[in-house]
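The block underneath contains the structure these notes are about, expressed in structure tokens.
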Amino acid sequence: MQKSFYKSLKFIIILLLILSAIDLFISAGLKKNKTKYFGKINKICNKDSLPQIAIFGSSVGEMGFDCKVLQIKLNKSAYNFSLAGTRFMQYRSLINEINEPKNNVEIVVLSEVIFSLQEVKAITEIGRFMPYISNKNIYNSLYKIQPDLTFKSRYIPFYKYIAVTPDYYIQSFVGWKSSLKKKDIVDTMLGQIAVNRKWEADQDSLWKYAKPIPILIDNTVLEIYKKTVSQLVTNGKKVIITIPPIYMPKGQKIVDLAAFRKTLQQIAKDEKVIFWDFSESMVDKQYFYNVQHLNAIGASKFSSLFADSLRKIL
């Protein structure tokens, strides 16, 4: 009986060691990945050649800021760290990671959209952050959103594999492949996801019959936002809060936009940072593929406008 017990124990220990080795192997591959969202998060968490201009936001920022244009016009390095589907409460983990007084980042651009300050109850694509779930800034930010999932993913062995998608393993393979081939992948888009699409025809009918979209601002999120901006300023970063272009003729379905602008403007005033509202700066449908997202042509034009504004204050 005792012999059988020790055999079982030995088997369990060996199994755990094998699983732990596989876990470390997968995580190591993801940390070597320089593509897609893992590439962005790795660049920040590994402190890999941080740019002078760092842009944060959701898909609107990810598609809207062409950092190639910014670099040419401003003669400064720039990178777009925006993550599609990710609101401030989640991507602030990355902001906090670069929020140090002594690093290369000089300017932090916060690209805000109508849902930026809403309450967030669920983590988007937690797998993107799993390689760094033990990182203090990553863990604390995700814990604020979904404590149970975050805690289990960090402290219960292998629990995180319940939450990740198949792409998690694919991107680990990509990371290992490029590393073993010693092939350095260069992100020529500098974090931008350019969309080469024209205005989507169904957007006209969609917005014609759509109900008004209210802008909700959660007080807890608002206070955390203010604190984050304040800490950036304390650490010597120039902060620019901005609302990217919205296709306003259809965007009138978005109610309370004036109040949202006023809120961001007040934060900028209180924290002595810059607020630029570009929401009505581009009125031609050719620059958008839907109400809130610029296409590649629109992104290039907007980035040029943004760079011109930034050049005046540098």
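The values are calculated or read from the model by the stated rules, or taken from the named source; none is laboratory data. Here the structure is a predicted model, which means the values were calculated and not measured. Counting neighbours? That spans all protein chains shown, and the Cβs are built from the backbone with ideal geometry, glycine included.
Select, from Lys237, Lys226, Lys272, the only residue that is of a type outside the set (Asp, Glu) and at positive phi.
Lys272
Here's the yes/no breakdown for (1) at negative phi; (2) hydroxyl-bearing (Ser, Thr, Tyr):
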residue: Lys181; (1), (2): yes, no
residue: Asp184; (1), (2): yes, no
residue: Leu190; (1), (2): no, no
residue: Lys198; (1), (2): yes, no
residue: Ser230; (1), (2): yes, yes
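Condition test on Ile72, is it within 30 Å of Lys312 (Cβ to Cβ) and of a type in the set (A, V, I, L, M)?
Considered against the rule, which asks whether it is within 30 Å of Lys312 (Cβ to Cβ) and of a type in the set (A, V, I, L, M), Ile72 comes out as yes.
If you check Ser82, Ser93, Ser49, Ser111, which single one turns out to be closer than 27 Å to Ser172 by Cβ and touching a Gly at 6+ places or on another chain (Cβ under 7 Å)?
Ser82
So which pairs qualify, if the first residue must be in region 123-149 and among the charged types (D, E, K, R), the second must be at pLDDT below 95, the Cβ gap must be under 7 Å, and the two must be at least 6 apart or on different chains?
Glu125/Gly85; Arg128/Tyr37; Arg128/Phe38
Matching residues to (1) crowded, with 16+ Cβ neighbours inside 10 Å; (2) assigned to a helix (DSSP H, G or I):
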{"position": "Lys198", "(1), (2)": "no, no"}
{"position": "Tyr225", "(1), (2)": "yes, yes"}
{"position": "Ile241", "(1), (2)": "yes, no"}
{"position": "Trp276", "(1), (2)": "yes, no"}
{"position": "Met282", "(1), (2)": "yes, no"}
{"position": "Val291", "(1), (2)": "yes, no"}
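Consider Ala268 carefully, then state whether it is free of Cβ contacts under 8 Å to residues at least 60 places away in the same chain, under 24 Å from Pro51 (Cβ atoms), among the aliphatic types (A, V, I, L, M) and surrounded by 17 or more Cβ atoms within 10 Å (Cβ to Cβ).
yes
Please note which helices (runs of 4 or more DSSP H) are completely contained in region 54-104 and include at least 3 residues that are surrounded by fewer than 21 Cβ atoms within 10 Å (Cβ to Cβ) and either touching a residue at least 40 places away in the same chain (Cβ under 8 Å) or of a type in the set (Gly, Ala, Ser) (or both).
Of the helices (runs of 4 or more DSSP H) lying wholly inside region 54-104, those with at least 3 residues that are surrounded by fewer than 21 Cβ atoms within 10 Å (Cβ to Cβ) and either touching a residue at least 40 places away in the same chain (Cβ under 8 Å) or of a type in the set (Gly, Ala, Ser) (or both) span 67-74.
Could you tell me whether region 242-253 includes any residue that is among the hydrophobic types (A, V, I, L, M, F, W, C), modelled with pLDDT under 95 and in contact with a strand residue (DSSP E or B) (Cβ under 8 Å, 6 or more places away or on another chain)?
yes
Out of (1) free of Cβ contacts under 8 Å to residues at least 40 places away in the same chain; (2) in contact with a strand residue (DSSP E or B) (Cβ under 6 Å, 6 or more places away or on another chain), the odd one out for Asn219 is which?
If we test Asn219 against (1) free of Cβ contacts under 8 Å to residues at least 40 places away in the same chain; (2) in contact with a strand residue (DSSP E or B) (Cβ under 6 Å, 6 or more places away or on another chain), just (2) comes out false.
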